[in-house]
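The values are calculated or read from the model by the stated rules, or taken from the named source; none is laboratory data. Fair warning: this is a prediction, and the values are worked out from it, not measured in the lab. Please note: Cβ atoms are built from the backbone with ideal geometry, for glycine as well, and neighbour counts cover all protein chains shown.
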Amino acid sequence: MPAGRALGHVRPMIAPRAGRLRWVHEASPIDDDLAAATLLLGDGATELVARWLAGRGGAVQALRRKQVLYRPGRMASVVFEGTVEWADRGLRKELLAAAFDRAEDDAIAIWCYPDDPALPGLERLEDPAYVARIGAAAGLRSLVPDLKTLAYRPRRRAVVRARSDRERAVVARAAGQVRVRMDRPALFWKVVRPGRAAALATVHGALGAAAPVPACRFMDDELGLVVLEGLRGDTLRARLRKGSGVVPEPAAIVELLDRLAPAGVAGTPASTTTAKVRRQARMLRAVLPRHAERIDRFVARLGDDAPAPLVTTHGDFHDAQIIVDDAGRVAGLVDLDGVAPGQRIDDLATIVGRVWTAGRTATRGAERFARYGDELFASFAAICDPGELCRRVAGVVFGRATGPFRAQHRDWEARVLERIELAELWLAQAKAGIAPAT
């Protein structure tokens, strides 16, 4: 680990008399149970990271907040994209994180990616020889050393893609036509906390015989690394966004979930949509205190779940997790971190809520998202209680309201309120059991 990038800890700076953190932005939440959150979620975090970098020979040229994770009273983390002038390495683009978790820390931790203290596997991927060796063992030679990080959540997980520098021809048949395209094979490295990789590899193995999930090619539980094969095709989200190409019939989506059920994956039952709403509401109340009454009213009206049997569920079942081939068939299911016993209706509600919301908020393909969301709901309502499905879709749409804040959009408050309004539309339809007409 280069000295200039090493992990650091910073004590939260408390004003001696006021008992409040310095550099607090007016729009940041005042979390009386987690003072560090008030600093990290306000403008003070930028100055804090700049001071940390200066102490390691780095001068900030630009710093932009990219992602926020926040659980009131428990934890807060911020990811920054920045341009840093290092005394020994010149001008570099950097991804930085600042985090505090009361269960783990007694000070705010700051680091440059990939030096995440909870994800040692990330730093291991900095070694091109190691990546090439594991890639060859997984059946993919000539990996490009420059990996691409597709997802990163501090201290939780990351997804990194490695492609071969050799192309191969892929034959695709659809609508009576045969097309040949060139493809660069890829492996996906899932980085989790040490001790959690084995369980994830077990899930992939358990589902592999029944469903089109990526095969696990390598696993290191000590480092928290799982290497998964790449699947060919588009995500369903990409297909909808393009506005062209065939998409699966809703019955094929249900059939995909049916294929998970026989696996009988054990573990703690997944949280229902309603349970998630109650957690999400705590965060939204903290960042939008002026709208706390409206948020509380939604949660009260949402009520409790109707009883449902437990089956193997995906846990985060939406359009970006489903891979579709050129003929519009389901070709894969990815991101199995949340697979657990759960209620099937929550998986159904999740994909309806995600697709339908995109139909009202997406900048590309909105019309197709909206149409497909309506088709999914109509199909699913025929196999489960439509009123309960409506209620849970309302909860999923409400959960989407946290996204603009987490992504730190400039107009995040307006976008959050827009999604809460959409969730209220679904909740108003729960008695009738029909989708809102918007």
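Brief remarks follow.
- Given (1) surrounded by fewer than 16 Cβ atoms within 10 Å (Cβ to Cβ); (2) in contact with a Ser or Thr (Cβ under 7 Å, 6 or more places away or on another chain), index of the condition Q280 fails: (1)
- Of all residues in the range 394-416, those satisfying the criterion of being under 20 Å from A370 (Cβ atoms), assigned to a helix (DSSP H, G or I) and touching a Leu at 6+ places or on another chain (Cβ under 9 Å) are A394, G395, V397, F398, R400.
Residue-wise test of (1) under 26 Å from the mean Cα position of the chain (by Cα); (2) at pLDDT 60 or above; (3) more than 20 Å from W111 (Cβ to Cβ).
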site: A37; (1), (2), (3): yes, yes, no
site: Y70; (1), (2), (3): yes, yes, no
site: G73; (1), (2), (3): yes, yes, yes
site: E85; (1), (2), (3): no, yes, no
site: K93; (1), (2), (3): yes, yes, no
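- In the range 216-243, the qualifying residues are those that are at pLDDT below 95 and part of a loop (DSSP other than H, G, I, E, B), and the one that is farthest from V160 (Cα to Cα) is G243.
- Residue check for D316: out of contact with any Lys or Arg (no Cβ under 7 Å at 6 or more places or on another chain), in contact (Cβ under 8 Å) with a residue 12 or more places away in the chain and surrounded by 15 or more Cβ atoms within 10 Å (Cβ to Cβ): yes
- When the criteria are applied in full, R290 fails the requirement of being surrounded by fewer than 20 Cβ atoms within 10 Å (Cβ to Cβ) and in contact (Cβ under 8 Å) with a residue 60 or more places away in the chain.
- Evaluated against (1) among the hydrophobic types (A, V, I, L, M, F, W, C); (2) surrounded by fewer than 19 Cβ atoms within 10 Å (Cβ to Cβ); (3) not in a loop (DSSP other than H, G, I, E, B), I30 falls short on exactly one condition, (3).
- If you check P309, P269 for being farther than 30 Å from S164 by Cβ, touching a Pro at 6+ places or on another chain (Cβ under 6 Å) and surrounded by fewer than 20 Cβ atoms within 10 Å (Cβ to Cβ), only one passes: P269.
- Qualifying residue in the range 384-393 (condition: at pLDDT 95 or above, out of contact with any Pro (no Cβ under 7 Å at 6 or more places or on another chain) and outside any helix (DSSP H, G or I)): yes
- Candidate set: the range 244-268, residues that are of a type in the set (D, E, K, R) and part of a helix (DSSP H, G or I); chosen: the one farthest from F380 (Cα to Cα): R259
- In the range 278-296 there is at least one residue that is closer than 19 Å to A394 by Cβ, in a helix (DSSP H, G or I) and polar (S, T, N, Q).
- Count of the range 139-160 residues which are on the phi < 0 side of the Ramachandran plot and not in a strand (DSSP E or B): 8
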